[in-house]
Structure formats: structure tokens, C-alpha cells
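This report concerns only the one structure given below.
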Amino acid sequence: MRNRFLRKLKLIPTVTNMKQQGLVLQLNTTPDVFCIHKLPTPPIYDVHHNLAQLEIENDHKHVEEEEEEEAKVGCKETELAEEKLLVAHNNLSQTNKMMACKNEYPSLADFKEMCPPGGSHSIILYTTSLRGIRKTFQDCNTIRFLLRSFKIVYHERDVSLHMEYREELWKILGGKVIPPRLFIKGRYIGGADEVVGLHEMGWLGKFLEGTPTHSSDCPCIGCANMRFAICSNCCGSCKVFAGNGDNNDELFVRCSECNENGLVKCPLCC
């Protein structure tokens, strides 16, 4: 019984709880009759509520103003970029039209004469097959692809497979340079950027006119277009046995037929 009575007492609303909820208990003049009236909202609460709403509205206004300014700036930058592109396109088109009307294209005589050995009437490309530097390897593949697309005969000299080619290139250009380097009929054309630029302008094909062409895309059966093969004398070891007089002592000597990598030039395509 006592526990039930305590539970019922807890369920009866007290004056403190009713005040917290904005309600007040007022006794009526009539005995045993009471009524509940809702108190008005405190003025302090109204002031804080209004201030919070003003701050929220001001924040929204600032955000909207910043977004509008950013949109205006973005539109201006886009317009300036479009104007620059349009001007560059117009200048390029005018230049191409003028060159086409005058038929003034650069010739091989405009390039510096630097003739590699045996390259006065041929096309020589210095490349590398090493993949240590990715950009250099990709540039070599790009120039090689361009020359193959014209189906012309060219001589590729890999500086990574033959040290003489590297020294030869450094001697021609007067310093330690990085392939690819293209020479056409004794004239130095340049590296990957220069050759690709000439191809995009349509001038590389004019420089290659009159050069021997080939119609077969099949690789060489002797070297698979690597231009080198393994030395058959030393089997790529760069060493051979040699006798030493009457004592029949066998010694290792340097192979005289291959290079430092144990390779010889392909007898079929070089």
C-alpha cells in the first residue's frame, strides 16, 4: 500500500513543475475547485529569440553576398580566358593563312648544319631504350612513332646499347644531351618538343619528302628492330678464351667483335 501511494504522489503535478512549463495553479473562490492558467512568455526570452533570428538573417545575407561576389569574379575570369583563347586562335589562323598564301614554309636550310657520321643523305634518330627516366623514354617512343607513321627509312641509334653512339651525339652537339635527337639530311631538327611542334604545323612531312620509303611493317627477323644482336663469338659475355704459347695456359681476353654490352650491329637491317 505504501509503495502505491508514493507512486501516485509522484504522478501529481507540483507547482514548481507547472511553473517550469509556463503554467500556474490558481485557487478559485469556490472551495475544492482550481483552474490552470498559462503564463505569458517572459520578455527576456523574446529579446534573446529576436536577437538570434537577426543574427541568423545577417549570416544568410553575408553568405549570399559572398556567393554573388564569387560568381561575378568567376564570370569575369571565364570571360577573360575565353577572350585570350579567341585572340590566340585568331592570331594562329591569320598566321596560317598568311603562310599558306605566301607558301613560306621553313626549309631544312633554316636549321643548323650538324651532320652525324653517315647522315648527310639520311635520317638519323638518337634514342634510348632505358626506362629509368619515364619522360625520356616516352619522348623517344613519340618520335619513333611519328617517323614510322610516314613509312620512311630512318636509322635509329640507341645510346644505351652502344657507347660510341652516346659519345658521337655529345661530340656533335657539344655537351651532354638527353635523347631523342633527330637529324634530317645533315641538319639538326631538335628534340621531342621541336619535332612534335613541326608535325602539328604540318612541316615535318615536307622535310621528309624525297626520302626512301618502305611498305613493310614487319620487324626485322634478325633483331626485331632493335638494331643489335647478341655476339656469336662470345655469346654476349664480352670475353673469349685465348692460349698462351707453349704452356697451353688459357686466359680470358676481351672479345674484339662486340661492344661493351656484348652486342653487334644487326647484319640484316644495319
Review point. What's the FRET efficiency of Gln138 with Glu65 using the Cβ-Cβ distance as r and R₀ = 41 Å, to the nearest 0.05?
Key: 0.25
Check your understanding: Using modelled backbone amide H atoms (1.01 Å from N, in-plane), which distant-in-sequence or interchain residues come within less than 5 Å of Lys239's amide H?
Key -> Cys255
Review point. Full extension from Ala109 to Phe150: what is 0.36 nm times the residue separation minus their Cα-Cα distance, to one decimal in nm?
Key: 12.6 nm
Check your understanding: With every protein chain left in place, what is the accessible area of Asp139 in Å² (1.4 Å probe, nearest 10)?
Key -> 40
**Study point:** Whole-Hz ³J(HN,Hα) from phi, Karplus 6.51 cos²θ - 1.76 cosθ + 1.60, for segment 148-159, glycine and proline x
**Key:** 5, 5, 7, 6, 10, 8, 9, 10, 9, 10, 8, 6
Practice item. Mind giving me the FRET efficiency for Arg131 and Trp170? R0 is 25 Å, r the Cβ-Cβ distance, nearest 0.05 is fine. Key: 0.70
Practice item. Provide the solvent-accessible area of Leu125, counting protein heavy atoms only and rolling a 1.4 Å probe, rounded to the nearest 10 Å². Key: 0
Practice item. Any chance you could run the full-extension gain for Ile178 through Val196? It's 0.36 nm times the residue separation minus the Cα-Cα distance, nm to one decimal. Key: 4.8 nm
Check your understanding: Using 7 Å Cα-to-Cβ label points, what is the Leu251/Lys265 separation (nm, one decimal)?
Key -> 3.1
Review point. Just the accessible area for Ser149, please: 1.4 Å probe, Å², rounded to the nearest 10?
Key: 70
Point to revise | Built amide H within the under 5 Å cut-off of Arg181, gap 5+ | key: Tyr126
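The values are calculated or read from the model by the stated rules, or taken from the named source; none is laboratory data. Treat the numbers as computed from the prediction; the structure is a model and nothing was measured. Cβ atoms come from the backbone with ideal geometry, glycine included; neighbour counts cover every protein chain shown. The accessibility values were calculated without ligands, DNA or RNA, using every heavy atom of the protein model including side chains. Shrake-Rupley method; radii C 1.70, N 1.55, O 1.52, S 1.80 Å.
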